[in-house]
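The values are calculated or read from the model by the stated rules, or taken from the named source; none is laboratory data. Everything numeric here is computed off the predicted structure, so don't read it as measured data. Cβ: placed from backbone, ideal geometry, glycine included. Neighbour counts: every protein chain shown. Accessible surface is based on the protein model in full, side chains and every heavy atom, while ligands, DNA and RNA are left aside. Shrake-Rupley method; radii C 1.70, N 1.55, O 1.52, S 1.80 Å.
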Amino acid sequence: MIIQKTREEIELMRESALLVSKTLGMIAKEIKPGVTTLHLDKLAEEFIRDHDAVPGFLGLYGCPSSILTSVNDQVVHGLPTNRPIEEGDVVSVDCGALKNEFYGDHAYTFEIGDIAPETKKLLQVTKESLYVGIREFKIGNRVEDVGNAIQKYTEAHGYGVVRELVGHGLGKKMHEDPEMPNYGKRGRGKLFIEGMVVAIEPMINLGSRNIKQLKDGWTIVTADRKPSAHFEHDVALIDGKPELLSTFAYIYDALGIKSDEENEFRRQPLVIS
Ligand code: MG
Ligand code: MG
């Protein structure tokens, strides 16, 4: 059952989403060659706790970390390790936080220095597909309209769309109804309703869509060991239209990137602090 949120609840969820956005902005400043993902995990946990919240992943389904860090051929759910990050890596960082009883859930794939051009293109197209999907999250549409848009956009580039892992409703639970696959058929699935909040999160592989799980019981890798990308936003359905609750603005601020990609999904300009 889809849980509708009141405007007040959505404002609380915006706080949770902004906190995970700020956490990834902090990570953007720290992530560089030589730094380990375990160190980033420690920083993220401290940052979240310093902001009157608790890490959303830590302990959830037995998760041992506050962020999940998926490097290169790792798709999602990569456990932080002692391996130093290297020039040329791509690192997807997924971050959850629980604040005021509501979860935020947000992910970005970072480029470490110069990366292979084909991987750079994968990241660009995956992020674009996130917005292509969000555009379909509106009254009158159904769940698979979002997935269909993401699938079409990314498969047109020859990429593989991961099937086994999907986006989801978000609220007082990290994973609520409905599941939000990144593939599907137009006009299928549950109708979207006013006040629902979802995490939309394309997981797109440079090669085939097939994945495997490592022996750690968490880390998902591509079966062909080619790179993968993951971007995730929290989005509310307000006045029939998608409104972004999370933002990459803190990351872009840290990295010196100018972008207006989020503007069409906001009623008011975002002031970052
Ligand atoms: Mg998620
Ligand atoms: Mg996530």
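What to note about this one:
- Residue-count net charge about Ile115 - beta-carbon cut-off 12 Å; Lys, Arg +1, Asp, Glu -1: -4
- Which listed pairs, of Lys121/Lys152; Lys5/Lys212; Lys29/Lys258; Lys22/Lys172; Lys121/Lys258, have C-alpha distances above 24 Å, in listed order: Lys5/Lys212
- Accessible area of the stretch 7-265 belonging to carbon and sulfur atoms, whole % at 1.4 Å probe: 49
- Rounded Å value of the spacing that divides the Cα centres of the stretch 106-144 and the stretch 1-37: 17
- Debye log10 I(q)/I(0) at q = 0.07, 0.08, 0.11 Å⁻¹ for the chain, Cα point scatterers: -0.21, -0.28, -0.54
- A DSSP coil position with no more than 15 other Cβ atoms inside 10 Å describes the following GluC sites (Glu not before Pro) in the stretch 125-227: Glu164, Glu194.
- For the stretch 7-265, accessible area per residue (1.4 Å probe, heavy atoms of protein chains only), Å²: 40
- A Förster radius of 30 Å, combined with the Cβ-Cβ distance separating Arg7 from His175, puts the computed FRET efficiency at roughly 0.85.
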